[in-house]
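Here is the structure we will look at, set down as structure tokens.
Coordinate-derived values only; no laboratory data. Just so it is clear, the structure is predicted and the values come from calculations on it, not from any experiment. With ideal geometry, Cβ positions are generated from the backbone for all residues, glycine too; neighbour counts draw on all protein chains shown.
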Amino acid sequence: DTAVSQTPKYLVTQMGNDKSIKCEQNLGHDTMYWYKQDSKKFLKIMFSYNNKELIINETVPNRFSPKSPDKAHLNLHINSLELGDSAVYFCASSSRDGSSGNTIYFGEGSWLTVV
Amino acid sequence: KQEVTQIPAALSVPEGENLVLNCSFTDSAIYNLQWFRQDPGKGLTSLLLIQSSQREQTSGRLNASLDKSSGRSTLYIAASQPGDSATYLCALLNQAGTALIFGKGTTLSVSS
């Protein structure tokens, strides 16, 4: 069973569009994250979220917004897509209560290409 | 602000060699340190996790150490195999548990 799953795996879209990437975890974790991996393969955190607080990396444009319908889901919505948004987006989850040692589990990534 | 540096950026070795990947960080106030593996076009796989209070962890041919006082971690791979070829990423979880800060990775190539 896939622990952290995200869809779609590949997305090609035009500039100016609005798109969403969905993420679901079945690990019972209370914290979820979105990471962006740029063309140089560097991973940077965008958001971390649990049922109490949303922490936003201050470098993330406000065109990006996380939406969490429940503890098991954290979707990433992007408005007015720009060419520079092309990247791989990784969803991840962990349990902040210390179970499993705070190991963070990653999804397989969503490859976004803006044309 | 935490900064994570991995050296070398790339490494090529013949099969069977033992090797060490290095990770250094600037802020020792961490919750834990994880080593990940990423294959081309794939997601991240967690290899080893060392809690802040621990010094090392072992899994099979892999051994990771943590020295908070010097801001260093190493990943030791014994008897390397072509299947070990991948990018290895070091990441630190901050004390609040809200962010995993990654290094830029070491890309390993093991030739048969």
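The table for this structure:
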quantity: Sequence of A:Ser93, B:Ser52 once ranked by neighbouring C-beta atoms within 10 Å, starting from the fewest; calculated: B:Ser52, A:Ser93
quantity: Over 29 Å (Cα to Cα) - which of A:Lys19/B:Lys1; A:Lys19/A:Lys71; A:Lys40/A:Lys71; A:Lys67/B:Lys68 fall in this group; calculated: A:Lys19/B:Lys1; A:Lys40/A:Lys71; A:Lys67/B:Lys68
quantity: Per-pair calculated FRET efficiency, R0 = 35 Å: B:Asp67 and B:Glu15 via Cβ, rounded to 0.05; calculated: 0.75
quantity: Efficiency of FRET from Cβ geometry, B:Gln2 and A:Ser20, R₀ 41 Å, rounded to 0.05; calculated: 0.85
quantity: Residue list for the range B:69-93, given a label point 7 angstrom along the Cα-to-Cβ vector of B:Ala29 and an amide N cut-off under 15 Å; calculated: B:93
quantity: Between the range B:1-42 and the range A:2-41, the alpha-carbon center distance in angstrom; calculated: 24 Å
quantity: 20 Å tail of the calculated P(r), the range A:26-115, as % of Cα pairs; calculated: 33 percent
quantity: Trypsin sites (Lys or Arg not before Pro) restricted to the range A:22-66 and DSSP loop, no more than 12 other C-beta within 10 Å; calculated: A:Lys40, A:Lys52
quantity: Charged-residue dipole, Cβ positions (Lys, Arg, Asp, Glu), the protein assembly as shown about Cα centre, Debye nearest 20; calculated: 200 debye
quantity: Dipole axis of the protein assembly as shown (+1 Lys, Arg; -1 Asp, Glu on Cβ), positive-most option in A:Ser68, B:Ala78, A:Ile78; calculated: A:Ile78
quantity: Computed over the protein assembly as shown, Cα set: Rg, Dmax in Å; calculated: 17.5, 51
quantity: The range B:15-84: trypsin sites (Lys or Arg not before Pro) falling in loop per DSSP and having at most 16 other Cβ within 10 Å; calculated: B:Lys42, B:Arg55, B:Arg61
quantity: Selection of GluC sites (Glu not before Pro), the range A:1-97, meeting DSSP coil and at most 11 other Cβ within 10 Å; calculated: A:Glu53, A:Glu58
